[in-house]
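The values are calculated or read from the model by the stated rules, or taken from the named source; none is laboratory data. All of these numbers come straight from a predicted model, not from anything done at the bench. So basically every Cβ, Gly included, is an ideal-geometry build from the backbone, and we count neighbours across all protein chains shown. We work out accessible area using only protein heavy atoms, side chains counted, and drop any ligands, DNA or RNA first. Shrake-Rupley method; radii C 1.70, N 1.55, O 1.52, S 1.80 Å.
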Amino acid sequence: MQLLQLLLSGIAQGCIYGLIALGFVLIYKATETVSFAQGELMMLGAFAAFAGMSLFGLPFWLAALLAIGAMVAFGVLLELVVIRPILGQPQFSIVMLTIGIGYVARGLITMIPAIGTETHTLAVPYKDEIWKLGELVLNVEQMAIILATAVLCGLLFAMFRYSKLGIAMQASSQNQLAAYYMGIPVKRLNGLVWGLAAAVAAIAGMLLAPITFVHANMGFIGLKAFPAAVVGGFGSLPGAIVGGLVIGIVESLAGFYLPDGFKDTAPYIVVLVMLMVKPNGLFGEKLRKKV
Amino acid sequence: MPPRTREDHKVTDTVLQLLNVESAYGPIKAIRGVSLKVRQGEIATVLGSNGAGKTTILKTISGIIDPRKGSIEFRGQNITAKDPAYIVQQGLSHVPEGREVFPLLSVRDNLLMGAYTRKDRDGVARDIETVFGYFPILKERATQDAGLLSGGQQQMLAISRAIMAAPQLILLDEPSLGLSPKLTKEIFEIVVRINRERGTTILLVEQNANMALNASDYGYVLENGRIVMEDTCERLREKEDIKEFYLGLKDDGVRGERRWKKKKTWR
Amino acid sequence: MSESDILLSAKDLSVRFGGVLAVNKVSFDVRRGEVFTLIGPNGAGKTTVFNLISRIYTPTTGEIVWHGEGSPLPLTQRAPHEIAALGIARTFQNIELFEHATVLHNLLIGRHTHRKTGFWSEVFFTQATRRAEIEAREVAERVIDLLDLQHHRDSMVAGLPYGVRKVVELARALCTEPKLLLLDEPSSGLNVEETADMAFWIQDIQHELGISVLMVEHDMSLVSKVSDRVLAMNMGEALSTGTPREVQSDPRVVEAYLGTVDDVSSLRRAA
Amino acid sequence: QQQGVSKDEIRIGTIQDLSGPLAGFGKQARNGMQLAVDELNEQGSVQGRKLKLYVEDSGYDPKKAVLAAQKLVNQDKIFIMAGHIGTAQNMAAMPVQFEKNVINFFPITAAREMYDPFHKLKYSFAATYYDQIRLALPKMIKDKGAKKVCTIYQDDEFGLEVQRGAEAGLKAAGMELTEKTSYKRGATDFSSQVAKMKAAGCDLVVLGTIIRETIGTVGEARKTGFNPTFLGSSAAYTDLIHKLGGKPMDGIYATMTVQNPYTDEQAQNIRFWANKYKTKFNEDPTVFSVYGYSIIQDFIQAANKAGPNLTTDSFVKAMDGITFEPDMFGSPKMTFSATKRLGNDQSRLSQIVDGKWKVVSDYVAP
Amino acid sequence: MRFIFKTSYAQDISLAKHGGHVFWYSLLGVALIAAPWVLPEYWLAQLTFVLIYGIVGLGLMLLAGFTGQFSIGHAAFLGTGAYTQAVLANMGMPFPLALVAAAALSAAVGVVVGLPALRVKGIYLGIATLAFGFIVEEVFARWESVTGGNSGLHVKSPTLFGTELGSSENFYLVCLIVAVLCTLAILNLLRSPTGRAFVAIRDSEISAQSMGIHLARYKTLSFAISAALAGLGGALYAHKLSFISPDQFNILQSIDLLLLVVIGGLGSVHGAFLGAIFLIAMPQLIALGKDWLPPVIGQAPGLQGLVYGLVLIAFVLFEPLGLYGRWLKIRTWLQLFPFYRRGLFKRQKSFTKSDRLR
Ligand SMILES: Nc1ncnc2c1ncn2[C@@H]1O[C@H](COP(=O)(O)OP(=O)(O)OP(=O)(O)O)[C@@H](O)[C@H]1O
Ligand SMILES: Nc1ncnc2c1ncn2[C@@H]1O[C@H](COP(=O)(O)OP(=O)(O)OP(=O)(O)O)[C@@H](O)[C@H]1O
Ligand SMILES: [Mg+2]
Ligand SMILES: [Mg+2]
């Protein structure tokens, strides 16, 4: 029973990592950059929803939809203003940009008087509800995350596998020059990707809000989602989820059975071991340039 | 059929026109004031030695490089320094130098990306079959990652991809690069066929001048970024310089001289 | 032909990638001082043979033996970086240069196997290091002279035209002072005149520098001009071996590789 | 010539976290200090000198704290460093200050290092977390008849102090910790820690947690039907606990010294002060605002006592034998001497009742 | 424009390419040596930090800029050096000896981290080093008997043969000497086969391998040197701060170091120091600047992060080659003046290709 409950909370926590990792993988697959701003986008999304509910008194669902919409717009704008001008520069520049965007987002939010430095709650309708399954306690907040993660993963997977748009996104990340030659509107697609990533982030932010609260530094949880994405294989969507679950469960069990300090380092130890054994993660394909 | 001349085309209009185009990489000017015309339904070729700027001309046309000066017109529309995606949508496609396939996409997805600007699904499906007909090996490897193909197979894919766009004008940058002699010939046959059957206009850059001059109607000769000669291919083939420098038709005595290179000047 | 004539021998080489049998039971010998050419249609497995020799791939079966100096050495047991030290240098079909370095820098990297200095003497840049550097530079300059690259010495590779890069790659390989040079389509992207230069260079390399050459090439004029022997491959298998003339007249080679019609002016008539 | 003191001005430096994890607290402390400085400057002066506050941002990073201290001490030439936030930050900055004879006055951290080992220039006002828990725990155990005491603490200096305090307190009561678990700063998931404590059958849990972690731990415990007595330190004594955590937070205890200044507080003077603060800074005051405010108040008192010739030496002399009487927020009486550099080690207990902190005990004397 | 007429190969090898170099660098040297006597203490302290971070940056530059291996856990090496130095100095080991030990131990740790680098690339390597950084930080916090755990560790001021080196002036000179030596060593390495091997690995592993470069050895070596330099910097850092605690070596520190090399200009030795100047001066500039802003903004929390981020973004947008790249342009402009042509520095369109295949 104990073990089951631990597994359950591990899975729930793992889905959180997986959900955030989805955002990383989405951006990576479509642009081959690693976005360090994903956590901050999540934070902004949560703040947007919070603003909708607390400042404008909107009902949750409406606020959520508006927040997603706002974040999509924000993502597109972000791409337009800061990422597009250096499109084509080494990917590392863009990684640095995302770090900068993270700083700016945190700074801006912190600067909002009376709100930015505080911690807030998002009054979701299912707050603090639990389901009891015999002795097992199911947390509705966590169930929502599990559900959303599965749905999002499915949708994104289908997009990349079957839609022309999704394939074109991958194409432009693999060889931008050739993508231009094919008439793929690389810039527009990039904007779309960032919009999508911001939407995913907003959803993650709102789902996370009941658990981690809404505050300027909530994005740091993204640092644990990196190992999740890597364990799964960075370019794989299902990998992100599986990686998240692995990390979540290991963390949960390590926290209970191992001495203090292991819970928080466990994900990183797992990721190192993983890279030793399978350098490309669980689902990442082995890639080698053919010469 | 009698040899065609430029005059035959008087009635048909110009598909592509470059006027005084100048492009540079940073401080290095690669082409200096190039003007050329490609007419509807013809195959034009640009000859030139290494580094003459042939690739640069093609890149400038498809918007990969913005020219410093001059203008480019495609089907009566000014496309100077437009976004490459926009230019392709106008009906121009480019087989780039050095293949440039999407290495992690399957061969089929690569072909589909070639048809990105097209809306007619049926036409696309038909054209996939057509190019599979041209290059059966691609059909065999349809699900394999394109990056794992051999060099020549990638070249076939790159050409097929351009055909998939069903364009008005194809820019071909050294299509025979790395192809076997048999396939090289086939490629040119295909090029000519596409030109004749679909009326696709073609601008061809090719090291294999013999092939190029045979397949094309009109030719330009580029040296150091400038066009130094232009004429119908018939006439170009007869020119002594062309024979000597591009077709390799000259006596070994002259060639032999070149072996005694001047010793280095640096130090 | 005596044993000592052979520089490198491949026996029953096979390699499989998933469903593709890229090379299938191929055997051949490269003799000392000869130019040996692999020809074959696209996808025949020529580059794969090169990759097997330079240990980028490991053969599924078969072995490659190096008769450089001393006793024969099975290459399959060597690590990839040891191949260059044995005296085997190569170029790549798709050009693999160090893009963000100058031509000279690329050539000096080619001198790596001849490095004589230790880490600490480099940290302090001792006189010995200085001498070694100048020596490396002299070799590089000789190669630059040979291949007429003076003009490009200090250019970044990234900005060079395709044809020049091909030559730079050859130069880099020469800088390793190899015993065997593997050239993957040296003439692709070169025009007739430049191809003729390439032919002269290859002959110089063979005769003046005494380097054996194993080459993959599609340009039959070049192949006939420089090769001593030719191996034709198809679908991973060896078709025939012999002088260029012999192989070119093999009907199977003509069928699979050369094509039957030889008159290119047919193109014009196709209209 | 005394640095930082001129004919008509005293320069006070402070380093706050304005961009890091504690930006909220840092800002409130700064506001509190600013309020006190402004009040003084409007109403009068210290021996004819106005106060000037120099604020630097450390982002809760010791390296930046050193750089900031260097700027304040060597560039802005402050007279005194007051209310510097963070333990490691203080530890790193103090040598810079002491080299220039600049006093570290009432840093906002309840670590023992702020007065121990002794240094002439160290003054601390906050009952340490160690003492808070050490003194409160035995009383709690007796009141609740607890049998098994556990602790969950943040894996840093702060959390360790709480945990050590708990161990010391238990020793006094002749007991031992049944279970101890920790988490890393910024953690959001406490399920396995709670499961561990639940499995150990704890009936009293000492919380070495701050805000979100307190809520997270208690919330998780309530959900899984684990309901021991919770005792937190003054770090958990903030109105955010019940504002964010809501109903499940009811009933937890925390040690504290100054009362949270609710704007609808019963006591009129606190209410008046709180509203003044709110008008000025457009946000509700918190205990950190009170800390900042009190630090400046206390400084003013000491500086006045030092007389017209204000120097580091005269200030240190003035602090000898000084007494700070309890203020309206209910801080304990503080005394200092040439060797006693911690004002008071006592604290009170508060409990959340109906969504609000209520003081439930007087100062617990050892 | 300066034309240099070269007369021997040796000239190409020498560090100073022409008289101008000699002149300017001598001038810089004189200024740096004179600094303790002319600069106010505050600025001297800043300069000391710049030197320390310059050393660390040099290490990361070698790894990221020249070998192409990005490390997001470099603070771990910094920490290893700092703790080694602290522990040894507190035990009374002479300063130079402790310094060497700190560098050596960090190098050893670097080799360990380098091991995954042999198998993984790009983002995977980044995350591996990130993970390693977290683990090392945890070790600092847990190994209380040595590191003092989260309470941190006080570092005695350095002494050499009974002389105090701890004063700001003396310690500045110590840092200056170490920085100059490190820079020379790196410059020497970069102009010899080892440095070229690093660059080769960065540009193409496959062809580096076929040129006979032992990838594993050189990657490990690069990690080791990089870590050793970070360790040296860490040792100096420990003395300069005289108090170290685990959270000084966290992920944010690592990211700062990355920013340092990127803003300085990847792939240039100058860049390491320019980046260090940026890293140290930026917060100070913001602090100075905010007094000029209206208090609503100037006093707002978060301003520092905001400005920091904005500057970073501006840098990447307008000067992807970093400070050094900007300097090169200014220099060329000055040399060409008045013949500067527009478009000379116009950024070319460029196109990315998959990094996954390398
Ligand atoms: N990216 C670049 N950066 C700098 N210079 C370049 C770049 N690309 C090409 N050049 C220069 O521009 C000139 C023309 O190059 P281009 O590639 O157009 O020649 P080409 O005629 O296509 O040659 P090839 O037959 O070798 O393909 C060359 O001198 C080359 O050095
Ligand atoms: N790493 C690999 N994975 C899968 N298939 C591969 C791999 N390398 C080569 N192949 C396949 O093996 C076959 C032989 O390839 P190879 O590159 O040797 O051909 P090639 O003879 O050099 O042809 P070309 O003249 O076109 O360069 C091709 O069909 C190719 O698709
Ligand atoms: Mg070209
Ligand atoms: Mg090949």
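The residue list A:Gly69, A:Gly10 contains one member that is without any contact (Cβ under 8 Å) to a residue 60 or more places away in the chain and more than 13 Å from chain E (Cβ to nearest Cβ), which is A:Gly69. Suppose we keep only residues that are within 10 Å of ligand 1 (Cβ to nearest atom) and not in a helix (DSSP H, G or I) within the stretch C:139-184. Which one would you say is least open to solvent (accessible area, probe 1.4 Å)? Taking the candidates together, the pick is C:Leu160. Within the stretch C:87-105, being in a helix (DSSP H, G or I) and open to solvent by 40 Å² or more (accessible area, probe 1.4 Å) holds for one residue alone: C:His105. C:Val26 meets the conditions (1) within 12 Å of ligand 2 (Cβ to nearest atom); (2) open to solvent by 10 Å² or more (accessible area, probe 1.4 Å); (3) away from chain B (no Cβ under 14 Å) in every case but one. The failed one is (2).
The residue list A:Gln170, A:Gln142, A:Gln174 contains one member that is open to solvent by 10 Å² or more (accessible area, probe 1.4 Å), in contact (Cβ under 8 Å) with a residue 60 or more places away in the chain and at the interface with chain B (Cβ under 10 Å from one of its Cβ atoms), which is A:Gln170.
Here the condition is being under 18 Å from the mean Cα position of the chain (by Cα), within 14 Å of chain E (Cβ to nearest Cβ), open to solvent by 10 Å² or more (accessible area, probe 1.4 Å) and among the β-branched types (Val, Ile, Thr); of A:Ile109, A:Ile99, it holds for A:Ile99 alone.
Just one of (1) part of a helix (DSSP H, G or I); (2) touching a Leu at 6+ places or on another chain (Cβ under 9 Å); (3) under 22 Å from C:Asp5 (Cβ atoms) fails for C:Ser240. It is (1). When the residues of the stretch D:219-238 are filtered to those that are out of contact with any Leu (no Cβ under 8 Å at 6 or more places or on another chain) and open to solvent by less than 10 Å² (accessible area, probe 1.4 Å), which remaining residue is farthest from the other protein chains (Cβ to nearest Cβ)? Among residues in the stretch D:219-238 that are out of contact with any Leu (no Cβ under 8 Å at 6 or more places or on another chain) and open to solvent by less than 10 Å² (accessible area, probe 1.4 Å), the one farthest from the other protein chains (Cβ to nearest Cβ) is D:Tyr237.
Filtering the stretch C:36-50 to residues that are more than 11 Å from chain B (Cβ to nearest Cβ) and either surrounded by fewer than 24 Cβ atoms within 10 Å (Cβ to Cβ) or within 9 Å of ligand 4 (Cβ to nearest atom) (or both) leaves C:Phe36, C:Phe50. Of all the criteria given as (1) part of a loop (DSSP other than H, G, I, E, B); (2) surrounded by 24 or more Cβ atoms within 10 Å (Cβ to Cβ); (3) among the aromatic types (Phe, Trp, Tyr), the one not satisfied by D:Tyr262 is (2).
So which residues in the stretch B:25-35 are facing chain E (nearest Cβ under 10 Å) and either within 16 Å of ligand 2 (Cβ to nearest atom) or farther than 9 Å from B:Thr56 by Cβ (or both), if there are any at all?
B:Gly26, B:Pro27
Among residues of the stretch B:44-58 that are more than 9 Å from every other protein chain (Cβ to nearest Cβ), those with a beta-carbon under 6 Å from a residue that is charged (D, E, K, R) and away from ligand 2 (no atom under 16 Å from the Cβ) at least six positions away or on a different chain give the pairs B:Val46/B:Lys54; B:Leu58/B:Asp173. Annotation note: Cβ proximity below 8 Å between a residue of the stretch C:130-142 that is farther than 22 Å from C:Asp204 by Cβ and a residue that is at pLDDT 90 or above and open to solvent by 20 Å² or more (accessible area, probe 1.4 Å) (sequence gap 6+ or interchain) occurs for C:Glu133/E:Arg191.
Scanning the stretch D:273-317 for residues that are aromatic (Phe, Trp, Tyr), open to solvent by less than 10 Å² (accessible area, probe 1.4 Å) and within 14 Å of chain A (Cβ to nearest Cβ) yields a total of 1. Report yes if B:Gly123 is open to solvent by less than 10 Å² (accessible area, probe 1.4 Å), over 30 Å from C:Leu21 (Cα atoms) and either more than 14 Å from chain C (Cβ to nearest Cβ) or within 16 Å of ligand 2 (Cβ to nearest atom) (or both), otherwise no. Considered against the rule, which asks whether it is open to solvent by less than 10 Å² (accessible area, probe 1.4 Å), over 30 Å from C:Leu21 (Cα atoms) and either more than 14 Å from chain C (Cβ to nearest Cβ) or within 16 Å of ligand 2 (Cβ to nearest atom) (or both), B:Gly123 comes out as yes. Checking A:Phe220, A:Phe234, A:Phe283 one by one, the residue that is assigned to a helix (DSSP H, G or I) and either in contact with a helix residue (DSSP H, G or I) (Cβ under 7 Å, 6 or more places away or on another chain) or over 30 Å from B:His94 (Cα atoms) (or both) is A:Phe220 and no other. Candidates A:Ala148, A:Ala158, A:Ala178: the one that is under 24 Å from A:Ile86 (Cβ atoms) and part of a helix (DSSP H, G or I) is A:Ala178. Of all residues in the stretch E:236-251, exactly one satisfies the criterion of being open to solvent by 10 Å² or more (accessible area, probe 1.4 Å) and either under 15 Å from the mean Cα position of the chain (by Cα) or on the phi > 0 side of the Ramachandran plot (or both), namely E:Ser242. Among the residues making up the stretch B:65-120, those that are at the interface with chain A (Cβ under 7 Å from one of its Cβ atoms) and either assigned to a helix (DSSP H, G or I) or within 16 Å of ligand 1 (Cβ to nearest atom) (or both) are B:Pro84, B:Ala85, B:Val88, B:Gln89, B:His94, B:Pro96, B:Glu100, B:Asp109, B:Leu112, B:Met113, B:Gly114.
Table: residues versus (1) within 14 Å of another protein chain (Cβ to nearest Cβ); (2) free of Cβ contacts under 8 Å to residues at least 40 places away in the same chain; (3) touching a strand residue (DSSP E or B) at 6+ places or on another chain (Cβ under 9 Å); (4) not in a helix (DSSP H, G or I).
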| site | (1), (2), (3), (4) |
| --- | --- |
| E:Ala102 | no, no, no, no |
| E:Ala107 | yes, no, no, no |
| E:Leu115 | yes, no, no, no |
| E:Val136 | yes, no, no, no |
| E:Ser157 | yes, no, yes, yes |
| E:Leu173 | no, no, no, no |
| E:Leu176 | no, no, no, no |
| E:Leu181 | yes, yes, no, no |
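For the stretch A:112-139, the set of residues classified as within 7 Å of another protein chain (Cβ to nearest Cβ) and of a type in the set (A, V, I, L, M, F, W, C) consists of A:Ala114, A:Ile130, A:Val137, listed by residue number. Screening B:Pro181, B:Pro136 for residues that are more than 27 Å from B:Ala85 (Cβ to Cβ), within 13 Å of chain C (Cβ to nearest Cβ), without any contact (Cβ under 8 Å) to a residue 12 or more places away in the chain and within 16 Å of ligand 4 (Cβ to nearest atom) leaves exactly one candidate, B:Pro181.
Restricted to the stretch B:140-152, and to residues there that are among the aliphatic types (A, V, I, L, M) and surrounded by fewer than 24 Cβ atoms within 10 Å (Cβ to Cβ), the residue that is nearest to ligand 3 (Cβ to nearest atom) is B:Leu148. Put simply, of B:Ile65, B:Ile28, B:Ile61 the only residue that is of a type in the set (A, V, I, L, M), within 16 Å of ligand 3 (Cβ to nearest atom) and free of Cβ contacts under 8 Å to residues at least 12 places away in the same chain is B:Ile28. For C:Ser71, the stated conditions hold: it is among the hydroxyl-bearing types (Ser, Thr, Tyr) and without any contact (Cβ under 8 Å) to a residue 12 or more places away in the chain.
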